[in-house]
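Each remark here refers to the structure printed beneath this line.
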Amino acid sequence: MPISRAVALVRRHLLVLGLVFVLGVGGTAFELKQMPKQYTASATILIEPQRTQVSDLQAISPDPGDVASLVRTQIDILRSNRLVLGVVRSLDLVDNPEFHSRAGGLRGLLDRARHWASLGAGEVGPPRQDQREQLVAAILQGKIGFTNETRSSVLGVSVTTGNPRLSADIANAMARQFLDFKRNEKFAAMQRAHDWFQEQLGTLSEQVRAADLAAEAYRREHGLEEQPPDTGNTLTRTATTNRQQLDEISRQLTDVSRERALKEGQLAQAQAVMRGALPAAALPEVLSSASISQLLAQIAAVSGREAQLETAQGANNPELVATRAQFARLQARLQQEMANVAASLSTTVQAARAQEKSLRAQLDQLRAAVSDENSAEVGLQALQARARATRGIYESFLTRATQLANVAGIQEPDASLVSAAEPPLGPSSPKMMRMLGVSALLSLVLGVVVAVVIERLRPGFGVPEELETAVGLPMLAAMPRWGRAGRVRGDEARWKRSRPAITLEASFDMLRGQFRAMGETRPTVVMVTSALPREGKSVFAARLARNAARAGWRVMLVECDFRRPSIAAMFGLPPGPGLSQVLNGTLLGSEDAALHQPVSQLHVLPAGWVQGDPQELLASRRMEALLAAARERYDLVILDTPPVLPVPDALVLGARADATLMLVRWEKTPRAVVQDAVRILRESRARVMGTVMTRVNMRTAQIVGGRMSHALGYYDGYHTYAGGKARGVEPASSVSPR
């Protein structure tokens, strides 16, 4: 809904809005006066848990963590039945009138409890003291409230009662109960931790003793030497006899193996030299003895002499033969010496191999012994490590238990009272101004809703836009409500000077101007009809005829409503023949005998005495001939026909008329009725030119808004009729608009 439309709706139903507003605000004020005053007192508590460490991973007090979760937990504790019962007992609230006087208080609850308990059990006695305390605690829980800012550890505890002093006392009692509870809980937690430490220390002490005894027994069982004090390095240990012997044999075996390899190499070289695989110059050092050296020197000297003799004296020289014999003898002796040395080397190698084998056997035995010792030592170390770990846990628990005992008497509380509750100076409820403001707002909203409902319940159309959207036709004019003074006859002079008359004439001027603006296509025969009776169509037809005639048009008004004729009475015409007699052919003389001219340029043909079926009369050839003649003679022929829905008379004339005007009564004619009437006219080939709203309340229409409000609101000064003349304007001439 546009803002202007909403404002117009509010203005139109201002009385309804005012009534709803007065009733709403007045009722709220009266109800607030009847309500008892309530007083709220608040105490402020700081929630700040203090941790007491008992190990690196554990604390008696939990870590605060999420502040919201912590505060939520404290609120749940404050709401608990245990704390509330403590307040009830400490302040003796069971006999306090605050919990008895109101409906639904202790007495009502006691009566209900007595009734429930007596179902199927006969008469019961008064409730016990504990039952009364439970009932009062239940009532008190409904009077307690809590406040907390986001991510703040400050918690407000508020209590609302009818007594300011009682509210403060209960709030302070709640704070004290909560602080005592937190203090007792922390002391109990520390006591439980102390008892648990003592129990664990006793168990750990036995475990340490048992671990030490097991390690000592294992060492003795496996013949292990006592280890030196633990230095923290697990690689440091005392060397045993087997380990020392193993190290010594390992060194000896290494030396013997090296010596055996050396001798084997020398023996291999000697054997190679003896086989001739190596020259004598490559003789190893072990073969370089004094005798072998001398033999080698002699062999070299003899070999040189032999070569000299062979060169000087020839191959058959006796001295050469003797020299060669000497060389052979020296070679034999050299081989013999070398064989002796090689045999000695072979003996040495065999001895080294035997020694090496013996050492390897001893080494294997020692390794097996040392392996057994290592296995036993690993088991011993495991037992000793277990004993050390148990002892470490025992010492840690002992240290923490000592610390806990030292700080037990100096513990800080997990919560503290920031400010105690004081009796409030004024009531906290009912909040008069706030409630009245909310009531005023709700009353305005309700008033608007009621206005919208009333507007929606209206059956007809209130603004031109709605009518045009519903039927798909333009609205050509809006006729103000003319009342009794709007009839054609009567005190015309007085009525013409009234504002409704000015507005009405201006509306007809507007419609006539639209006809003239159509030029050559301007309709001559115009049928005026409506969907239902009492829409003002006959008065509209008469007024339109008067307006056009005053402007100089030749106008003929034909009353086609034989069932409820009214045109003759409007113009004050005497009874006589009319359209019915013309169509029946019973009129004596010319048709002009049935015409009346109440004003200049206007001829009126009333219905006359009805003879025959109205529908057949209007569908006759004489009616067609009458309309044809009227087109030639008049500038505007207005047909006042019956409503569309009650009778089909208008449908007969719809196709013969140049244009049809559908009259719709403002905010009265139902929407569906108008739509059905337009649909029926179109189906009967009637050329519906547009719609006209009749009997419009000018004041309300200007408030409602829309196009119509602008025209109705600005006629003054442009249409000031007085005695049939516009101010400063001469009467319209009788020149035909054609």
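Condition first: at pLDDT below 70 and surrounded by fewer than 15 Cβ atoms within 10 Å (Cβ to Cβ). Can you find one or more residues in the stretch 12-25 that meet it?
No: zero hits.
Could you check the stretch 192-209 and list, in sequence order, the residues that are open to solvent by 70 Å² or more (accessible area, probe 1.4 Å) and within 47 Å of the chain's Cα centre (by Cα)?
Passing the criteria: only 192.
May I ask you to verify whether residue 296 is at pLDDT below 80, part of a helix (DSSP H, G or I) and of a type outside the set (Phe, Trp, Tyr)?
Values: at pLDDT below 80: yes; part of a helix (DSSP H, G or I): yes; of a type outside the set (Phe, Trp, Tyr): yes.
The answer is yes for residue 296.
State all residues of the stretch 134-163 that are of a type in the set (Gly, Ala, Ser) and assigned to a strand (DSSP E or B); if no residue qualifies, say none.
Let us first name the residues in the stretch 134-163 that are of a type in the set (Gly, Ala, Ser), namely 137-138, 142, 145, 152-153, 156, 158, 162.
Of everything in the stretch 134-163, those that are of a type in the set (Gly, Ala, Ser) and assigned to a strand (DSSP E or B) turn out to be 145, 156, 158.
Which pairs do you get when a residue that is without any contact (Cβ under 8 Å) to a residue 12 or more places away in the chain, found in the stretch 306-335, comes within reach of a residue that is surrounded by 12 or more Cβ atoms within 10 Å (Cβ to Cβ) and outside any helix (DSSP H, G or I), reach meaning Cβ atoms under 9 angstrom, with the pair 6+ apart or on two chains?
310/317; 319/313
For residue 398, indicate whether it is surrounded by fewer than 16 Cβ atoms within 10 Å (Cβ to Cβ) and in contact with a helix residue (DSSP H, G or I) (Cβ under 7 Å, 6 or more places away or on another chain).
In short, yes.
Which residue pairs have Cβ atoms closer than 8 Å, lie 6 or more positions apart in sequence or on different chains, and pair a first residue in the stretch 561-589 that is under 17 Å from residue 626 (Cβ atoms) and outside any loop (DSSP other than H, G, I, E, B) with a second residue that is open to solvent by 70 Å² or more (accessible area, probe 1.4 Å) and aromatic (Phe, Trp, Tyr)?
Hits for this filter: 580/609; 581/609.
Please identify the pairs in which a residue from the stretch 197-225 that is hydroxyl-bearing (Ser, Thr, Tyr) has its Cβ atom under 7 Å from the Cβ atom of a residue that is assigned to a helix (DSSP H, G or I), counting only partners at least 6 apart or on another chain.
Hits for this filter: 205/394; 218/379; 218/380; 218/383.
Here are some conditions: (1) open to solvent by 40 Å² or more (accessible area, probe 1.4 Å); (2) under 14 Å from residue 415 (Cα atoms); (3) at pLDDT 75 or above. Residue 50 meets all but one. Which one does it not meet?
Of everything listed in (1) open to solvent by 40 Å² or more (accessible area, probe 1.4 Å); (2) under 14 Å from residue 415 (Cα atoms); (3) at pLDDT 75 or above, residue 50 misses just condition (3).
Can you list residue pairs whose Cβ atoms sit under 8 Å apart, with the first residue in the stretch 592-617 being free of Cβ contacts under 8 Å to residues at least 24 places away in the same chain and the second being loosely packed, with under 15 Cβ neighbours inside 10 Å? Count only pairs 6 or more apart in sequence or on different chains.
594/576
Go through the residues of the stretch 151-166 one by one and say whether even a single one is open to solvent by less than 40 Å² (accessible area, probe 1.4 Å) and more than 21 Å from residue 90 (Cβ to Cβ).
yes
Please go through the stretch 415-446 and pick out each residue that is of a type in the set (S, T, N, Q), at pLDDT 85 or above and open to solvent by less than 40 Å² (accessible area, probe 1.4 Å).
439, 443
Sort out which residues of the stretch 503-546 are open to solvent by less than 30 Å² (accessible area, probe 1.4 Å) and either part of a strand (DSSP E or B) or polar (S, T, N, Q) (or both), and write them in order of number.
If the condition is that a residue be open to solvent by less than 30 Å² (accessible area, probe 1.4 Å) and either part of a strand (DSSP E or B) or polar (S, T, N, Q) (or both), then 503, 507, 524, 525, 526, 527, 528, 529, 530, 538 are the ones that fit.
Can you name the residue in the stretch 316-338 that is of a type in the set (A, V, I, L, M, F, W, C) and in contact with a helix residue (DSSP H, G or I) (Cβ under 9 Å, 6 or more places away or on another chain) and, of all such residues, is nearest to residue 275 (Cα to Cα)?
Our first condition is that a residue be of a type in the set (A, V, I, L, M, F, W, C); within the stretch 316-338, this holds for 320-322, 325, 327-328, 330, 332, 334, 338.
Among the residues that remain, those that are also in contact with a helix residue (DSSP H, G or I) (Cβ under 9 Å, 6 or more places away or on another chain) are: 320, 327, 330, 334, 338.
Working: 320: 27, 327: 18, 330: 17, 334: 13, 338: 11 Å.
Only one residue tops the list, namely 338.
Scan the stretch 447-472 residue by residue and report those that are surrounded by 17 or more Cβ atoms within 10 Å (Cβ to Cβ) and either farther than 16 Å from residue 668 by Cβ or modelled with pLDDT of 85 or more (or both).
Answer for the stretch 447-472, where residues must be surrounded by 17 or more Cβ atoms within 10 Å (Cβ to Cβ) and either farther than 16 Å from residue 668 by Cβ or modelled with pLDDT of 85 or more (or both): 447, 448, 451, 467, 471.
Any chance the stretch 612-621 includes a residue that's surrounded by 13 or more Cβ atoms within 10 Å (Cβ to Cβ) and basic (Lys, Arg)? Full working, then the answer.
So in the stretch 612-621, the residues surrounded by 13 or more Cβ atoms within 10 Å (Cβ to Cβ) come out as 612, 614-615, 617-620.
So of that shortlist, the ones also basic (Lys, Arg) come out as none.
No; the residues of the stretch 612-621 include none that is surrounded by 13 or more Cβ atoms within 10 Å (Cβ to Cβ) and basic (Lys, Arg).
Is there any pair linking a residue in the stretch 176-195 that is more than 20 Å from residue 79 (Cβ to Cβ) to one that is of a type outside the set (Ser, Thr, Tyr) and surrounded by fewer than 16 Cβ atoms within 10 Å (Cβ to Cβ), with Cβ under 6 Å and at least six apart or on different chains, and which?
Between residues of the stretch 176-195 that are more than 20 Å from residue 79 (Cβ to Cβ) and residues that are of a type outside the set (Ser, Thr, Tyr) and surrounded by fewer than 16 Cβ atoms within 10 Å (Cβ to Cβ), the close pairs are 190/408.
Please state which one of 667, 632 is part of a loop (DSSP other than H, G, I, E, B) and not aliphatic (A, V, I, L, M).
On the way: 632 fails: part of a loop (DSSP other than H, G, I, E, B).
One residue alone meets the criteria, 667.
In the stretch 341-391, which residue that is of a type in the set (Asp, Glu) and farther than 30 Å from residue 207 by Cα is surrounded by the most Cβ atoms within 10 Å (Cβ to Cβ)? Break it down into steps so the answer makes sense when it comes.
Taking the stretch 341-391 as the starting set, the residues that turn out to be of a type in the set (Asp, Glu) are 356, 364, 372-373, 377.
Those left that are additionally farther than 30 Å from residue 207 by Cα: 356, 364.
On the way: 356: 20, 364: 11.
Ranking the qualifying residues of the stretch 341-391, first place goes to 356.
Taking the criterion of being under 30 Å from residue 244 (Cβ atoms) and not polar (S, T, N, Q), would at least one residue in the stretch 392-408 satisfy it?
Here is the first cut: in the stretch 392-408, the ones under 30 Å from residue 244 (Cβ atoms) are none.
No; the residues of the stretch 392-408 include none that is under 30 Å from residue 244 (Cβ atoms) and not polar (S, T, N, Q).
Starting from the stretch 504-533, keep only residues that are more than 15 Å from residue 638 (Cβ to Cβ), then list their pairs with residues that are in a helix (DSSP H, G or I) whose Cβ atoms are within a distance under 6 Å, requiring at least 6 positions of separation or different chains.
From residues that are more than 15 Å from residue 638 (Cβ to Cβ), the pairs are 531/673; 531/674; 531/677.
What do you reckon, is residue 659 within 23 Å of residue 536 (Cβ to Cβ) and touching a strand residue (DSSP E or B) at 6+ places or on another chain (Cβ under 6 Å)?
On the way: within 23 Å of residue 536 (Cβ to Cβ): yes; touching a strand residue (DSSP E or B) at 6+ places or on another chain (Cβ under 6 Å): yes.
It is true that residue 659 is within 23 Å of residue 536 (Cβ to Cβ) and touching a strand residue (DSSP E or B) at 6+ places or on another chain (Cβ under 6 Å).
For the stretch 610-632, which residues satisfy the criterion of being farther than 15 Å from residue 526 by Cα and basic (Lys, Arg)?
621, 622 - these are the residues of the stretch 610-632 that are farther than 15 Å from residue 526 by Cα and basic (Lys, Arg).
Residue 356: closer than 30 Å to residue 259 by Cα, touching a Lys or Arg at 6+ places or on another chain (Cβ under 6 Å) and not β-branched (Val, Ile, Thr), yes or no? Steps first, answer last, please.
Values: closer than 30 Å to residue 259 by Cα: yes; touching a Lys or Arg at 6+ places or on another chain (Cβ under 6 Å): yes; not β-branched (Val, Ile, Thr): yes.
Yes: the conditions hold for residue 356.
The values are calculated or read from the model by the stated rules, or taken from the named source; none is laboratory data. In this text, all values refer to a predicted model and were calculated from it rather than measured experimentally. Here the Cβ is made from the backbone with ideal geometry for all residues, glycine too, and neighbour counts use every protein chain on show. Protein only, heavy atoms only, side chains kept; ligands, DNA and RNA dropped before computing areas. Shrake-Rupley method; radii C 1.70, N 1.55, O 1.52, S 1.80 Å.
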